[in-house]
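Comments concern the structure below.
The values are calculated or read from the model by the stated rules, or taken from the named source; none is laboratory data. In this text, all values refer to a predicted model and were calculated from it rather than measured experimentally. Note: ideal-geometry Cβ built from the backbone for every residue, glycine included; neighbour counts use all protein chains shown. Heads up: the accessible areas ignore ligands, DNA and RNA and are worked out on the full protein's heavy atoms, side chains in. Shrake-Rupley method; radii C 1.70, N 1.55, O 1.52, S 1.80 Å.
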Amino acid sequence: MDLHEKRIKLEDVDMLAILGYNDGHLHLIEKKFHSIITARGNSLIVRGKPEEIKAIETIFNELVYILKRNGSVDERDVNTVLELLDSNPQTTVQSINADNNIIYYGVKEPIKARTARQIEYCKKVLENDLVFAIGPAGTGKTYLAVAMALSALKRNEVSKIILSRPAVEAGESLGFLPGDLREKLDPYIKPLTDALFDMIPADKLKNYMEKNIIEIIPLAYMRGRTLSNSFIILDEAQNATITQMKMFLTRMGHHSKAIVTGDVTQIDLLNKKESGLINARKILKNIPSIEFIYFDNKDVVRHKLVADIIKAYEKEEKKKEDK
């Protein structure tokens, strides 16, 4: 097939922001294609196969949209556009409803889905009653779950939020620790309260918790309850036993949603085969309205070193398995 050439004009945009420092964004895009992309002024000259030229034009149109919407474009935005194009060429940043991208307006800034996988996560939660989010630390599983719960509460879709974690380090027996239940739980619920403080003013959060609109409880304390009209989150689910997972999942009442988050590489149970998350992944995967989404180190949104650290540990684990 003959190569084609097309000039793509990018009107009224900061080309440095689009192309990135030292053309970093441009190089990321070039790696995905065989086409040659040359920047001249406010235009791009693309030489390659017609289908590649069309895809590249779509990518730059998406980046212009992001720049005008957010005021900046970073490497993560470029990767999000490229991932969206890979997963479904018909889906673009512009075609995703803004409410799905900005999940909740936090205290300091809007809470957004920042990667293609995070966007998919949010869509699955909107469309299903129970979603399992599985993957390494730093991928936004819990943080976005809390934001989606608060968004549902704000829209009056639920009347309360329940946040739970298995307190494995304390053996689910907290009686020997000093203080009331809240004080005993503080070390185990800190990641959840940190997320809440990012999203709700302290006085409002205190009011919600005093009125039990938001509850943070250990998994063992959920036995016997039926949670209707609630948004329920189980965090660190890899440390729930099979029995505890079944107990948690059967707490769901009418008009409730649940998100279960965990990392199957970070199981603290003495017998890892007892992990309720691994078991649920096997036996629930074909039930309608239950969805699973899997994150990996490409979805890490913490410091860029976190993804490299995760990769290093994964390589080490694989070496042990191969021996």
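Ranked from the most accessible area to the least, with a 1.4 Å probe and all protein chains present, what is the order of His25, His255, His34, His4?
His34, His255, His4, His25
Tell me, what is the per residue accessible area of the stretch 28-80 in Å², probe radius 1.4 Å?
52 Å²
Tell me the accessible surface of Leu277 in square angstrom (1.4 angstrom probe, heavy atoms of protein chains only), to the nearest ten.
0 Å²
Please arrange Thr226, Thr115, Thr38 by accessible surface area, largest first, computed with a 1.4 Å probe and ligands excluded.
If we order Thr226, Thr115, Thr38 from most to least accessible, we get Thr226, Thr38, Thr115.
May I ask you to rank Val46, Val13 by accessible area, largest first, using a 1.4 Å probe over the protein chains only?
I get Val13, Val46, largest accessible area first.
What is the percent carbon and sulfur in the accessible area of the stretch 196-323, measuring with a 1.4 Å probe over the protein chains and ignoring ligands?
Using a 1.4 Å probe with all protein chains present, the stretch 196-323 comes out at 52 percent carbon and sulfur.
Cross-link partners among lysines for Lys6, C-alpha distance below 16 Å, same-chain residues fewer than 8 apart left out?
Hits, sequence-local ones excluded: Lys49, Lys54.
Which percent of the accessible area of the stretch 1-91 is formed by carbon and sulfur heavy atoms (probe 1.4 angstrom)?
C and S atoms contribute 47 percent here.
Run the reach check for Lys154 against lysines, Cα to Cα strictly under 24 Å, same-chain hits fewer than 8 apart removed. What comes back?
Partners found: Lys108, Lys112, Lys123, Lys124, Lys141, Lys190, Lys204, Lys206, Lys211, Lys257.
List the trypsin sites (Lys or Arg not before Pro) within the stretch 1-71 that fall in a DSSP loop (any state other than H, G, I, E or B) and whose Cβ has at most 16 other Cβ atoms within 10 Å.
Lys31, Lys32
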